[in-house]
Amino acid sequence: MGSRTGSHQLSNGLIVSGRPEQLKERQPTMGSRAVPYTGGDIKKSGELGKMYGVGDYPGPPPILKPSSRGSSASQHNSGSVRSGPNSGPVGHKLTNSGSMPKKSSGSFSGQLMTPIQPTGLITSGPLSSNTGRRSGQLEPAASFKKVVYGSSVTSLNDEIKLGFKVSKVAMWVFLVVVLMGLVVGAFLMVAVKKAVILVAVAGVLAPLVVILLWNFAYKERGLLGYLKRYPDAELRGAIDGQFVKVTGVVTCGSIPLETSFQRTARCVYASTELDEYKGWGGKSANPSHRCFSWGRRHSEKHVADFYISDFQSGLRAIVKAGYGAKVVPFVKPTTVIDVTKNNKELSPNFLRWLADRSLSSDDRIMRLKEGYIKEGSTVSVMGLVRRHENVLMIVPPVDPVSTGCQWTRCLLPTYIEGLILTCDDSQNADVIPV
């Protein structure tokens with residue numbers, strides 16, 4: 001038979017089985033003391049003040065105890081000491097004891113001193129300074145290098161191509177009538193020998209020549225007037241493949257754009273143009289530059305996919321303007337820098353912008369213009385409606401857009417090819433926040 005386990009009585013009088021527990025001797029614990037409130041004053045923080053070299057404290061400077069693994073680093077500074085974001089070797093050698101000499105100002109040598117804010121927070125330095133900036137933070141823009149976008153952003157040409165859309169039959173009929181009129185007029189003038197016939201022929205041909213010159217001069221203004229008068233459509237009732245004009249507020253897509261000189265951000269369309277004036281015997285901006293005229297020397301025009309919210313129905317559609325689509329923007333640029341004969345002093349930013357594009361800044365009359373469609377602007381888009389499941393898109397039309405004959409304005413049919421963007425907002429006006 002096993003031995004009976006003993007019993008004992010507790011302090012409250014209850015008798016329980018088993019032997020009483022032997023009280024073990026407690027390990028001595030370190031006494032805790034109350035930490036005084038410093039109120040953000042580093043001079044009242046004791047050892048923290050000594051560590052950052054703030055104030056006058058008696059005694060030697062803090063000792064850097066080398067670890068067992070890196071004990072060899074205390075001999076002759078075999079590595080570089082780093083402090084937060086400011087990295088670099090310390091400009092003195094460490095002694096065998098590992099202590100660092102203290103300057104009279106109370107700070108260590110090198111970039112080891114971390115600025116203490118009035119609130120007591122230890123920071124890496126002011127954001128405006130380059131020292132103390134982490135490698136992941138953005139540096140201030142010090143250059144105007146040309147931004148290279150991917151294939152999702154469309155780079156546009158300098159000029160907008162407009163043409164007259166007249167049938168070949170009408171052109172041949174017009175040429176035959178003109179030739180017959182000249183032949184008949186010349187025959188009658190020789191037979192009758194009177195100048196009246198020549199005046200009559202000139203009176204018939206003169207209005208035709210005036211109409212042609214009027215169309216060439218008023219071509220772009222006539223097209224803009226036609227686009228402005230074109231009625232807006234409602235996206236809710238638009239069918240697939242319908243040509244529509246949609247007016248609404250635009251928002252950026254996955255790739256927002258910015259202008260190259262003023263750095264205007266969050267744009268769906270951005271352009272920067274540099275024009276030069278050529279006098280008699282001056283330098284040409286391009287091969288087709290004529291004397292006493294302005295010529296385009298450099299141009300940067302980009303447009304990407306963006307969204308538009310229809311004013312009529314409130315629906316939101318994506319405008320497919322990127323990936324090399326044909327886009328015709330009618331956005332009037334504003335003059336940013338104007339270099340004339342009387343004002344030839346160039347700003348440092350403009351000189352840097354020219355240098356980053358390998359453009360000379362010699363004695364030339366130049367004009368820098370920038371145009372953009374910023375996020376929140378009111379824009380009119382003309383294109384074809386495409387519906388894919390629940391996605392509503394506006395894409396460039398396949399066939400050129402024609403204005404038709406405008407008889408009241410004596411304008412022939414003008415055609416334009418591509419997705420049409422028009423913006424009537426002033427570049428300096430406030431846009432709708434989105």
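Identify the trypsin sites (Lys or Arg not before Pro) of segment 160-215 meeting these criteria: DSSP loop state and at most 16 other C-beta atoms within 10 Å of the C-beta.
Details: sites: K161, K165, K168, K193, K194; in loops: K161, K165, K193, K194.
Filter output for segment 160-215: K161, K165, K193, K194.
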Taking all protein chains in place and a 1.4 Å probe, what share, in percent, of the accessible surface of segment 318-434 do carbon and sulfur account for? 48 percent
Per 5 angstrom bin, beginning at 0 and ending with the bin that holds the maximum distance, the Cα pairs of segment 232-423 fall in percents of 1, 7, 13, 16, 14, 13, 12, 10, 7, 5, 2, 0, 0
Could the peptides 306-318, 147-159 be put in order, highest first, of the mean number of other beta-carbon atoms found within 10 Å of their residues? 306-318, 147-159
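Could you work out the local net charge near F144, counting Lys and Arg as +1, Asp and Glu as -1, over the other residues with Cβ closer than 9 Å to its Cβ? Could you put the intermediate results ahead of the total?
Details: positive: K145, K146, R263, R352, R357; negative: D356.
Summing Lys and Arg as +1 and Asp and Glu as -1 gives +4.
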Starting from the Cα of R387, step 7 Å along the direction of its Cβ; do the same at I255; then give the gap between the two resulting points in nm. 3.0 nm
Residue-normalised accessible area of segment 185-319, expressed per residue, 1.4 Å probe, Å²: 55 Å²
Report, to the nearest whole %, how much of the accessible area of segment 166-223 belongs to carbon and sulfur atoms, 1.4 Å probe, protein only. 84 percent
Which of the peptides 381-387, 320-326, 398-404, 200-206 is most tightly packed, and how do the rest follow, going by the mean number of other Cβ atoms within 10 Å of each residue? 381-387, 320-326, 398-404, 200-206
Kirkwood hydrodynamic radius, segment 166-223, all distinct C-alpha pairs: what's the number in Å? 13.1 Å
Ordering F330, F174 by the accessible surface of their heavy atoms, 1.4 Å probe, largest first, yields F174, F330
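The values are calculated or read from the model by the stated rules, or taken from the named source; none is laboratory data. Keep in mind that this is a model prediction, so the values were computed, not measured. Using ideal geometry, Cβ is built from the backbone for each residue, glycine included, and neighbour counts are taken over all protein chains shown. Each accessible area value is taken on the protein alone, full model and side chains, heavy atoms only, with ligands, DNA and RNA left out. Shrake-Rupley method; radii C 1.70, N 1.55, O 1.52, S 1.80 Å.
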